[in-house]
Amino acid sequence: MMDFAPMHSAPTEVPVEHHNHGGGWDPYVDNGGTSLAIAGKDFVIVASDARQSDGYSINSRYDPKAFTLSNETVLATTGYAADAKRLVEVLEQNAQTYFHKHEKQMSAPAMAQMLSNTLYYKRFFPYYVFPILCGLDKDGKGAVFAYDPVGNMERVVYQAYGSASALVQPFLDNQVAGANQRGHEGGFLDRVTARKIAIDAFTGATERDIYTGDWLDIFTIDQTGIHREKRELKHD
């Protein structure tokens, strides 16, 4: 008669949510939210939601992520809200120093290079911010500059960052760049179409991303200056 060793099934591990109750310190928090920008032939549309979250808690339903740095530049941010505000303070101080020294405001490309230098200077303890700097170049064309937190910079036609970027960026690829569209001729969008796409992007994002919502700030940058409007988004 053969003896069979008893079989022991491995215990099933149930995934659990781990909470840090004073066991360590993390200097960074992702406060959620989404920002995007679309460059046109002679304008830029910038849009950011205003919800600030921490996990499943909403800290504020109106905490703007986009800031005017001058009469012709706007900085849209996502990531850690406190770092974003500090970064804006540093850029405003440097821009003011430039103005008093040269008696003129910094152009958008100059501001873009300054932002890249500022982020790179802090690369060993970086600002946890994903910025998009927007304005007009020397030829009056819309300029959008996208960054990572350590200062790598790229000029693009459109960009989306934030908690809903995985939803918004493919939408912009299709609607702005014409990806997967037969017969798309390319070229810049007109102002009305670009604004509508920005609004539609956030309307769709709020249905799927719990960290994006409440209010939408839209900036239009053109030769006459910066025009701002505020729209309501989904509140749940």
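The values are calculated or read from the model by the stated rules, or taken from the named source; none is laboratory data. Keep in mind the model is a prediction, meaning the values are calculated, not measured. Neighbour counts are summed over all protein chains in view; Cβ atoms, including those assigned to glycine, are modelled from backbone coordinates with ideal geometry. With ligands, DNA and RNA removed, areas are computed over all heavy atoms of the protein, side chains included. Shrake-Rupley method; radii C 1.70, N 1.55, O 1.52, S 1.80 Å.
Overview of results
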{"item": "Pairs, first closer than 17 Å to G40 by Cβ in the stretch 157-177, second polar (S, T, N, Q) and crowded, with 22+ Cβ neighbours inside 10 Å, C-beta under 7 Å, six or more apart", "result": "A160/T34"}
{"item": "The stretch 168-202, subset exposed (fewer than 14 other Cβ atoms within 10 Å of the Cβ) and under 17 Å from the mean Cα position of the chain (by Cα), residue farthest from E229 (Cα to Cα)", "result": "P170"}
{"item": "R208 being more than 20 Å from L75 (Cβ to Cβ), open to solvent by 70 Å² or more (accessible area, probe 1.4 Å) and under 18 Å from the mean Cα position of the chain (by Cα)", "result": "yes"}
{"item": "Boolean, G225 is in contact (Cβ under 8 Å) with a residue 24 or more places away in the chain, of a type in the set (G, A, S) and open to solvent by less than 80 Å² (accessible area, probe 1.4 Å)", "result": "yes"}
{"item": "The stretch 53-65: number of residues that are more than 17 Å from I218 (Cα to Cα) and either under 17 Å from the mean Cα position of the chain (by Cα) or in a strand (DSSP E or B) (or both)", "result": "6"}
{"item": "Hits in the stretch 70-86 (condition: touching a Leu at 6+ places or on another chain (Cβ under 8 Å) and under 19 Å from K230 (Cβ atoms))", "result": "V74, L75, A76, T77"}
{"item": "Filtered residue count, the stretch 91-132, keeping only those that are closer than 25 Å to A50 by Cβ, open to solvent by 70 Å² or more (accessible area, probe 1.4 Å) and over 21 Å from the mean Cα position of the chain (by Cα)", "result": "1"}
{"item": "Where G140 falls short, out of the listed (1) open to solvent by 10 Å² or more (accessible area, probe 1.4 Å); (2) over 17 Å from T77 (Cα atoms); (3) out of contact with any Phe, Trp or Tyr (no Cβ under 8 Å at 6 or more places or on another chain)", "result": "(1)"}
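One line per residue, one yes/no per condition, for (1) at pLDDT 95 or above; (2) open to solvent by 30 Å² or more (accessible area, probe 1.4 Å):
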residue	(1), (2)
T34	yes, no
A37	yes, no
G40	yes, no
A50	yes, no
N59	yes, yes
E72	no, yes
Y80	yes, yes
R86	yes, yes
E89	yes, yes
